[in-house]
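Asker: To start, I am sharing the structure in question, which I have written as structure tokens.
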Amino acid sequence: MNSIMSLQKLTLFYWGQDRLANLLPFVVSFVRDPAFNLKVVAIVPVVVLMATLATKAFVLNEMLGGRGREFLLTYVVLVCVFFSGLTGVGVFEIAVWHVEYTFPLLAVLLSSYFVWGRHLRAWPFFAASLLLVFLAAGVNPAVIVPLVFVILFGVLWGKKPCSRAVVLAIFSAASLVAWVLISKYFGEAVGGGYSQFAFERIHRGVGALISGSFPGINYFGSLLLVGLLAFTHFIADTFRKWHLGNGVAESVPALESRLVCALVLFAALWILVFLSSEWVERNLFHWRYFIWPYFAISSVLALLFRRVVIANGVIGIVCVSLVAVTAVYAAWLTWPAERNDYAVLSKAEDDGVSADGLYAGDYWRVWPAVMRAMIVEQRAYGLAFRWVGNGTALRKYLTETLDRKGSAEVLCLGASGAECFQQLRSVDSGVSVQVAEDLKGDVRRLIVVRPKASHNGRNIDFSGKALWSLPSQVGRWSDSGVQADGRSGCIVYGPYVGLEAGRYRFQLQGNEGASRGDVVRITSDAGAKELFVSPIEATRAGLLVDAIVQMREPASATEVSVCVEAASNLEIHAYRLYKQASFSEN
């Protein structure tokens, strides 16, 4: 999606969202070749992740008064610990898929260092970090949470309050407010849930996590790390007591202990708060919402390993070597992610190609199909969720295709023909399906046209799939027409056209599933004048209504509405309203 947005239409926010500023698509938008653009989209977040880990190691080392070689040690341990606890899927989602977590964390680390760090304290560096904080608040508004923790830790436990800490706090709050206001004008609201929290969701979230687990977490690697940490601490303590005497204990700097406690507290509070979030529940408590707690816990383990290494010489060197071996072994077991781990990608290869580059159906099947088509230099558009982000170009392309060819081919992926047609109707309400063909599995081929219905001032004629082009409240499309879906309301209504004055014959065809209360009504002037009304009942095979309608004056905005009760099983196959002079009395 990042590639598609950068190439087709760059918007301020993610398509269909009022948050998640499109920073990555903006950065790569100058790369116009689709295949190369996709590679850059994959590489840039990886660079950001590795820069984030390096910055975190640097900041932690500076906070604890470490020297240059201890920074390298901190970085190696942090990287090994971080990747040991992740599966290939987890690495991909953090390193490539979700830059909205790594980039804001990088901004938090840099801004905190330029507030309290020992070097690079010039105001231009601090001002640059404030710009990163502003961008981070747009990319992920939740960045305000780690920012608050960093500021509180720095003020209460780490350093004395300073003017920069005050500036950072005020600027962070102002950035969040600014992005909220910006989103009201440039975003697309997706409904409530972001700010809705309830503690009764926590137990449901815990149950979901236990039952569904975290697909990105390598549990074996994580347990191996914890066991290795406990073992090395035991060996180091035993060696110290044997070599230096029983009364000697390792001293741990107070700031390091406080930092470990703060990281654990942040992870625990984050997990509790986000388990109670309505938005997270609506997204099935997906593990990506807990990426930042993973960063915190991996930092805790890295700090504990770092302490063992620094305090124990040769044993420490052996320890860090074992950590590296653990990382390689854990990666060997779960990396790289198999293609089958990404059904969204593997299915796209088997779904086929639309001759006109139009794809509808399941969102997670549509956008990979669009990307695949773009890579082979085919113009392609998706009609699934988020099509509105590129709606102007999509409507123009569909109209041009229909005008040029008279029809357009749409591949329907992972959805019913009716669902795909509904997506088509949301893009262009005037189209109709001429051909609906099952290809393989849940892939369907739809040929769409402008409806071949006559309403030339003397008659109206809709039959078969041409009925699909009419508005509907409770209709469900079928191969032979439109049928009731079990609710009360109008199966079809419209088409709001003008008719000459005169004597007309009206016929409605369908099945015999009508229930008492089903009715057809003909009106003009958009419902202001009632011209005809009749209950629906089978008069002879397939013919539900056959009547004469007298129009004493020209009718504007003529509407034919077929409305049913909830218990109805009515299916409409056609209706015709012909001026008597052009329609046989028999």
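Asker: Do we have P554 as in contact with an Asp or Glu (Cβ under 8 Å, 6 or more places away or on another chain) and exposed (fewer than 14 other Cβ atoms within 10 Å of the Cβ) here?
Answerer: Values: in contact with an Asp or Glu (Cβ under 8 Å, 6 or more places away or on another chain): yes; exposed (fewer than 14 other Cβ atoms within 10 Å of the Cβ): yes.
It is true that P554 is in contact with an Asp or Glu (Cβ under 8 Å, 6 or more places away or on another chain) and exposed (fewer than 14 other Cβ atoms within 10 Å of the Cβ).
Asker: Can you find a residue that is farther than 20 Å from V545 by Cβ, more than 33 Å from the chain's Cα centre (by Cα) and open to solvent by 30 Å² or more (accessible area, probe 1.4 Å) anywhere in the stretch 446-455?
Answerer: Yes, there is a match, as at least one residue in the stretch 446-455 is farther than 20 Å from V545 by Cβ, more than 33 Å from the chain's Cα centre (by Cα) and open to solvent by 30 Å² or more (accessible area, probe 1.4 Å).
Asker: For the stretch 14-59, enumerate the residues that are of a type outside the set (A, V, I, L, M, F, W, C) and closer than 14 Å to M1 by Cβ. Please lay out each step first, then the result.
Answerer: Filtering the stretch 14-59 down to residues of a type outside the set (A, V, I, L, M, F, W, C) leaves 14, 16-19, 22, 25, 29, 32-34, 37, 39, 45, 52, 55-56.
Listed by number, the residues that qualify are Y14, G16, Q17, N22, P25, S29, P34, N37, P45.
Asker: If you don't mind, there's one more thing I want to ask. Under 9 Å between Cβ atoms, which residue pairs at least 6 apart in sequence (or on different chains) link something in the stretch 62-80 that is farther than 24 Å from V226 by Cβ and hydrophobic (A, V, I, L, M, F, W, C) with a partner that is open to solvent by 40 Å² or more (accessible area, probe 1.4 Å) and at pLDDT 85 or above?
Answerer: Correct list of pairs: F71/F58.
Asker: Looking only at residues in the stretch 95-109 that are of a type in the set (A, V, I, L, M, F, W, C) and at pLDDT 90 or above, which one is nearest to V44 (Cα to Cα)?
Answerer: Here the answer is V99.
Asker: Within the set of pairs 6 or more residues apart or between chains, which connect a residue that is closer than 14 Å to R444 by Cβ and surrounded by fewer than 24 Cβ atoms within 10 Å (Cβ to Cβ) inside the stretch 404-416 to a residue that is modelled with pLDDT of 85 or more and basic (K, R) with Cβ atoms less than 9 Å apart?
Answerer: From the stretch 404-416, the pairs are E409/R445; G414/R365; A415/R365; A415/R444; S416/R444.
Asker: Here is a further query. Please go through (1) at pLDDT 85 or above; (2) out of contact with any helix residue (DSSP H, G or I) (no Cβ under 9 Å at 6 or more places or on another chain) for V44 and return the number of the only condition it doesn't satisfy.
Answerer: Here V44 clears every test but (2).
Asker: Oh, and also: Looking only at the stretch 214-228, filter to residues that are small (G, A, S) and open to solvent by 30 Å² or more (accessible area, probe 1.4 Å); which one of those is nearest to V89 (Cα to Cα)?
Answerer: Residue satisfying both the conditions and the ranking: S222.
Asker: Sticking with this structure for a sec: Which condition from (1) buried (at least 20 other Cβ atoms within 10 Å of the Cβ); (2) in contact with a strand residue (DSSP E or B) (Cβ under 7 Å, 6 or more places away or on another chain) is the one that N459 breaks?
Answerer: Going through the list (1) buried (at least 20 other Cβ atoms within 10 Å of the Cβ); (2) in contact with a strand residue (DSSP E or B) (Cβ under 7 Å, 6 or more places away or on another chain), N459 breaks only (1).
Asker: Within the stretch 1-14, which residues are assigned to a helix (DSSP H, G or I) and open to solvent by 30 Å² or more (accessible area, probe 1.4 Å)? If you could, list the steps in order and put the result at the bottom.
Answerer: We begin by selecting, within the stretch 1-14, every residue assigned to a helix (DSSP H, G or I); these are 2-8.
N2, Q8 - these are the residues of the stretch 1-14 that are assigned to a helix (DSSP H, G or I) and open to solvent by 30 Å² or more (accessible area, probe 1.4 Å).
Asker: Here's something else I'd like to know. Based on what the data block shows, is V41 touching a Ser or Thr at 6+ places or on another chain (Cβ under 8 Å), surrounded by 17 or more Cβ atoms within 10 Å (Cβ to Cβ) and over 20 Å from L259 (Cα atoms)?
Answerer: Spelling it out, V41 is indeed touching a Ser or Thr at 6+ places or on another chain (Cβ under 8 Å), surrounded by 17 or more Cβ atoms within 10 Å (Cβ to Cβ) and over 20 Å from L259 (Cα atoms).
Asker: Still on this structure, please answer the following. What do you reckon, is L398 open to solvent by less than 10 Å² (accessible area, probe 1.4 Å), in contact with a helix residue (DSSP H, G or I) (Cβ under 6 Å, 6 or more places away or on another chain) and of a type in the set (A, V, I, L, M)?
Answerer: No: the conditions fail for L398.
Asker: How many of the residues in the stretch 478-537 are part of a strand (DSSP E or B) and within 23 Å of S416 (Cβ to Cβ)?
Answerer: 10
Asker: Here are some residues: L38, L23, L86. Which one is over 21 Å from A373 (Cα atoms), in contact with a helix residue (DSSP H, G or I) (Cβ under 6 Å, 6 or more places away or on another chain) and at pLDDT 85 or above?
Answerer: L23
Asker: On the basis of being buried (at least 17 other Cβ atoms within 10 Å of the Cβ), of a type in the set (D, E, K, R) and either in contact with a strand residue (DSSP E or B) (Cβ under 7 Å, 6 or more places away or on another chain) or under 23 Å from K579 (Cα atoms) (or both), does E559 make the cut? If you could, list the steps in order and put the result at the bottom.
Answerer: Details: buried (at least 17 other Cβ atoms within 10 Å of the Cβ): yes; of a type in the set (D, E, K, R): yes; either in contact with a strand residue (DSSP E or B) (Cβ under 7 Å, 6 or more places away or on another chain) or under 23 Å from K579 (Cα atoms) (or both): yes.
So E559 fits the description; yes.
Asker: Just a yes or no: is a residue in the stretch 339-353 in a helix (DSSP H, G or I), crowded, with 18+ Cβ neighbours inside 10 Å and modelled with pLDDT of 75 or more?
Answerer: no
Asker: Take the stretch 428-443 and flag every residue that is modelled with pLDDT of 80 or more, open to solvent by less than 60 Å² (accessible area, probe 1.4 Å) and assigned to a strand (DSSP E or B).
Answerer: V443
Asker: Report whether or not L424 is closer than 25 Å to L12 by Cα, of a type outside the set (F, W, Y), at pLDDT 80 or above and crowded, with 21+ Cβ neighbours inside 10 Å.
Answerer: Here the answer is no, as L424 does not meet what is asked.
Asker: Now, a different point. Of everything in the stretch 264-281 that's surrounded by 16 or more Cβ atoms within 10 Å (Cβ to Cβ) and among the aliphatic types (A, V, I, L, M), which residue is modelled with the lowest pLDDT?
Answerer: Looking at the filtered set, the residue picked out is V280.
The values are calculated or read from the model by the stated rules, or taken from the named source; none is laboratory data. No experiment lies behind these values; they were computed from the predicted model shown. Cβ: placed from backbone, ideal geometry, glycine included. Neighbour counts: every protein chain shown. Note: accessible area is taken over every heavy atom of the protein model, side chains too, but ligands, DNA and RNA are not part of it. Shrake-Rupley method; radii C 1.70, N 1.55, O 1.52, S 1.80 Å.
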